[in-house]
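*Asks:* Before I ask anything, here is the structure I am working with.
Rule-based calculations on the coordinates, nothing more; no lab input. Because the structure is predicted, anything quoted here is derived from the model rather than measured. Every residue, glycine among them, receives a Cβ derived from its backbone with ideal geometry; neighbour counts consider all protein chains shown.
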Amino acid sequence: MNMSRIYQYKKLLSQYDTILFDLDGTLYNSELFYSGAFEDMSLWLVKNGLQERSDSWSDCVMGLKRARGNDYGKLFDDALEILNIDVRVKTRLLKKYRGHDCRYLRLDDRELRLLDYLQGCGKKMFIVTNGQRQLQERKIQKLKLTRYMEEVIILDPSEEIRLKPDRDVFDRLCTRYVIGKTIMVGDRYDIDGMFAHNAGIDFVGVGFYGN
């Protein structure tokens, strides 16, 4: 199935009692976050005399991210090397990234209309996202998603908790809610799709990039 946007699955999703949503790249366009976070990093580099142009870092990191994927672990290291910036500033740059205020984040009107529709139909909706807790909470607050969700579940890698695609979080949901017929909506087949497979529920792949 080709990647598409969640609003295109209004009819499909209306057939389920419970809908589990991934967050990044599923409910909103992740590039809205990256562009702002990389901008903050760029401004810090300019302020500290480590680069002249404010767009040099943003352009470099965004280009590397698109070329090497979201899971590439040496993204910032490579950008520092390419731009000939002292690697010792990486810690400060990561602090800027994790502290980004998410100012550009927004939900598209079509996603909003779909969430309003599903809520009006009485569907139980949840967010199940892997990620650093404070940053994910900041994104969710900016997007005002809690008004639609029964619960927001953040699986933080730094905590003693099993992440997607492990089915543990689904089992815990089943102990607290009567969830009925359930579908997982996400942009990653290897994480969200495998989570659905492990949990024995349906899955639909969506996204903003076609990845």
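*Asks:* Before we move on, is R172 free of Cβ contacts under 8 Å to residues at least 12 places away in the same chain and outside any loop (DSSP other than H, G, I, E, B)?
*Replies:* In short, yes.
*Asks:* Check A67, A37, A79 and return the single one that is touching a His at 6+ places or on another chain (Cβ under 9 Å) and either loosely packed, with under 13 Cβ neighbours inside 10 Å or not aromatic (F, W, Y) (or both).
*Replies:* Only one candidate passes the filter, namely A37.
*Asks:* Same structure, new question: Among the residues of segment 101-122, are any among the basic types (K, R), part of a loop (DSSP other than H, G, I, E, B) and more than 23 Å from V178 (Cα to Cα)?
*Replies:* Yes, that holds for at least one residue.
*Asks:* Turning to a different aspect of this structure: Give the residues of segment 175-194 that are closer than 26 Å to R98 by Cα and in contact (Cβ under 8 Å) with a residue 60 or more places away in the chain, sorted by residue number.
*Replies:* The answer is V185, G186, D187, R188, I191, D192.
*Asks:* Let me spell it out: the conditions are (1) crowded, with 16+ Cβ neighbours inside 10 Å; (2) among the aliphatic types (A, V, I, L, M); (3) within 19 Å of E137 (Cα to Cα), and L94 meets all of them except one. Which number is the exception?
*Replies:* (1)
*Asks:* Still on this structure, please answer the following. Would you call D116 without any contact (Cβ under 8 Å) to a residue 40 or more places away in the chain, in contact with a Phe, Trp or Tyr (Cβ under 9 Å, 6 or more places away or on another chain) and among the charged types (D, E, K, R)?
*Replies:* Taking the combined requirement at face value, the residue satisfies it.
*Asks:* Let me ask you something else. Check L20, L32 and return the single one that is surrounded by 17 or more Cβ atoms within 10 Å (Cβ to Cβ), more than 14 Å from E111 (Cα to Cα), touching a residue at least 24 places away in the same chain (Cβ under 8 Å) and out of contact with any strand residue (DSSP E or B) (no Cβ under 7 Å at 6 or more places or on another chain).
*Replies:* Within the list L20, L32, the selection yields L32.
*Asks:* Take segment 121-136 and flag every residue that is surrounded by fewer than 18 Cβ atoms within 10 Å (Cβ to Cβ), in contact (Cβ under 8 Å) with a residue 12 or more places away in the chain and over 11 Å from the mean Cα position of the chain (by Cα).
*Replies:* Result: C121, R133, Q134.
*Asks:* Does I161 satisfy being free of Cβ contacts under 8 Å to residues at least 60 places away in the same chain, assigned to a loop (DSSP other than H, G, I, E, B) and among the β-branched types (V, I, T)?
*Replies:* yes
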